[in-house]
Amino acid sequence: MKKYLLPLLVSCTLILTGISVLASPVEISMEPEVQSGQLYSAMKFNLTIVNNQDFSDIFQIVFSGDHLEWNMPGLIAKTLNAHSSEDIGVVFYPTGSNKGKFEFTVSVNSFKNPNVKASTKFLIEIPYDFTVKTLSSSVSDNTVNFDAIIQTPEEKTLQGTFDLKDSSGKIIGSVPFTETIKGEKKITKSFTPKERLLAGTYTSSVSVGNDIIVYYTFDIQPVRSISQKVEETSSGFSKDVTIAITNEGNVIERDYSFQQKIPIDPMTGMMTRPADNCREEEGVMVCNYLVEEIRPGATAHVSYVVSYWPAFNGYIILTVIVISLIMFSFLKATTPRIFKHHSKKGEDRHNIFIQVKNPFFHKLNDVVVRDWVSPLAQVIQEEIESTKPVMRRLEDGTELIWKLGEMKPREERILQYKVRSLIHGSLKMPGAKLKFSAGKGEKKLKISSNSVTLS
């Protein structure tokens with residue numbers, strides 16, 4: 001029997017030593033971990049400290065949280081013998097007006113060894129006198145609707161606010177409310193923003209007093225809708241036509257284009273004051289219009305004039321037409337012009353020519369020519385033989401600017417540069433722009449040249 005006693009004692013010692021090594025030097029727990037109560041009423045907790053060390057130790061007790069003033073004075077340190085535990089009563093007494101859930105942390109730290117420490121969290125809940133059960137929002141015809149269900153155990157008059165924010169956090173609008181509630185009540189409010197809401201993600205919220213804020217996130221899907229309305233006003237032998245283009249969707253429309261075809265008939269009607277983007281095709285005037293931007297809910301306008309001539313005034317009509325044609329030819333012949341040409345020099349090299357004419361009887365002032373080269377082509381700077389332009393490289397290509405100053409009557413300028421195409425196939429280059437004024441202080445005018453296709 002004695003021969004088994006020594007191995008048995010050794011085994012027991014090793015087992016107890018292993019258990020001591022595996023356990024943390026100090027362990028703590030807080031009961032209960034969550035406790036609910038009312039303001040100005042005591043809440044009791046039980047803090048258990050376990051010393052797993054082989055020697056006695058003194059442990060400092062520290063609490064942390066937002067409302068430490070609720071913690072009633074108690075022990076700040078406790079001595080524990082080796083391998084012993086101690087239960088300590090802790091009392092919190094909530095005061096003030098704050099309600100909600102409040103998290104605290106209790107920590108114990110060894111005086112002998114600062115690395116020996118432990119902590120745990122516990123929660124104190126002071127319930128509200130009311131509850132926001134649900135919140136939802138929707139948008140109909142640009143009107144924002146809020147719906148919230150609020151519940152109170154007894155009759156209360158509550159003041160709150162509904163808010164709507166866009167994805168950047170900007171407040172779109174707010175709607176205050178005052179409601180007397182007993183039990184459960186649904187509160188519905190709405191408002192219409194000054195501007196149409198764009199497609200995107202929005203967040204609505206309801207706040208009651210300074211305590212409760214509930215959020216609801218929703219999306220407004222993109223809707224594209226453009227309407228055109230034609231308004232005509234007749235006066236004598238003419239008719240003013242205005243086309244109203246309205247963006248009825250929730251997406252910003254950019255570079256919106258449309259086409260109008262107006263018959264060219266001197267007996268029944270002839271379009272006058274056409275824009276420089278109109279052309280004649282088989283008895284009709286075809287005009288292409290481009291509106292750069294139309295915001296949701298906004299309206300852009302395009303207008304032109306149609307003149308009517310009575311059939312019984314044929315001779316007068318003929319005379320007027322002849323005079324009009326002569327004047328039109330005269331104006332066309334004396335209007336400054338800009339042309340764009342090109343010639344191919346090699347497999348991927350092209351010469352670009354811009355011809356500016358001033359058949360006007362007066363000199364032109366502040367003459368500026370602008371041209372653009374696609375990012376799919378490269379300007380050969382060292383081979384520019386004529387007036388050198390100012391070049392600006394942009395994301396969508398290269399801009400060339402010639403500041404020609406003044407142009408005398410009947411003067412003609414030729415601008416030239418070379419490009420190297422970076423692709424195989426056809427490459428369309430937009431028309432050049434000519435900007436000038438007919439005299440000092442007069443409004444500046446702008447005309448465009450034809451476009452060219454490099455192949």
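Read-outs throughout are calculated quantities, based only on the coordinates presented, and are distinct from any laboratory measurement. Keep in mind that what you see is a predicted model, and the values were worked out from it rather than measured. FYI the Cβ positions are ideal-geometry reconstructions off the backbone, even for glycines, and counts take in every protein chain you see.
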Original post:
Where does each of 338-346, 199-207 land if you order them by average Cβ count within 10 Å, highest first?
Top reply: 199-207, 338-346
Subject >> FRET efficiency estimate (nearest 0.05) - Cβ-Cβ, VAL390 to GLU442, R0 22 angstrom >> reply: 0.35
Original post:
Taking amide H positions as placed 1.01 Å from N in the peptide plane, with prolines and chain starts having none, which residues 5 or more places from LEU404, or on another chain, fall under 5 Å of its amide H?
Top reply: VAL367, VAL368, VAL369
**OP:** Starting from the Cα of LEU290, move 7 Å in the Cα-to-Cβ direction to define the label point; list residues of the stretch 419-443 whose amide nitrogen is under 17 Å from there.
**Re:** 428-435
Original post:
In the structure displayed, which of LYS388/LYS444; LYS239/LYS357; LYS99/LYS182; LYS239/LYS435 lie more than 29 Å apart, Cα to Cα?
Top reply: LYS239/LYS357; LYS239/LYS435
Original post:
aspartates and glutamates near LYS261 by alpha-carbon distance under 19 Å, same-chain residues fewer than 8 away left out - which ones?
Top reply: GLU231, GLU232, ASP240, ASP276, GLU280, GLU281, GLU282
Original post:
Can you give the angle from 0 to 90° between the axis of helix 2-22 and the longest principal axis of the chain, with both taken from C-alpha atoms, to the nearest 10?
Top reply: 40
Original post:
Helix 314-334: angle to the longest alpha-carbon principal axis of the chain, degrees 0 to 90, nearest 10?
Top reply: 70
Original post:
How far is it, in nm, from the label point at PHE353 to the one at THR178 when both lie 7 Å from their Cα along the line to the Cβ?
Top reply: 8.2
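Which of the peptides 372-380, 38-46 is most tightly packed, and how do the rest follow, judged by the mean count of other Cβ atoms within 10 Å per residue?
Values: 372-380: 16.9, 38-46: 12.8.
Descending mean neighbour count gives 372-380, 38-46.
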Original post:
List the lysines whose alpha-carbon lies under 21 Å from that of LYS117, not counting same-chain residues fewer than 8 positions away?
Top reply: LYS78
Original post:
If each residue's Cβ is checked for other Cβ atoms within 10 Å, how do TYR93, TYR215 rank with the fewest at the top?
Top reply: TYR215, TYR93
Original post:
When the chain is fully extended, how far beyond the present Cα-Cα distance does SER234 get from ARG410, taking 0.36 nm per residue of separation?
Top reply: 59.3 nm
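Counting other Cβ atoms within 10 Å of each Cβ, which trypsin sites (Lys or Arg not before Pro) in the stretch 155-217 have at most 10 and sit in a DSSP loop? Write down the numbers at each step before the final one.
Values: sites: LYS156, LYS165, LYS170, LYS182, LYS185, LYS186, LYS189, LYS194, ARG196; in loops: LYS170, LYS194, ARG196.
Here the sparse-neighbourhood loop sites are LYS170, LYS194.
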Original post:
Which entry in [x] 26.2, 86; [y] 42.5, 147; [z] 25.8, 92 matches Rg and Dmax of the Cα atoms in Å derived from the coordinates of this structure?
Top reply: [y]
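If I take R0 = 30 Å and measure r between the Cβ atoms of THR105 and PHE55 in this structure, what FRET efficiency does the formula 1/(1 + (r/R0)^6) give, to the nearest 0.05?
Working: r = 27 Å, r/R0 = 0.89.
After rounding, the FRET efficiency stands at 0.65.
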**OP:** For an R0 of 22 angstrom, estimate the FRET efficiency from the Cβ-Cβ distance between HIS83 and LYS44 and round to the nearest 0.05.
**Re:** 0.20
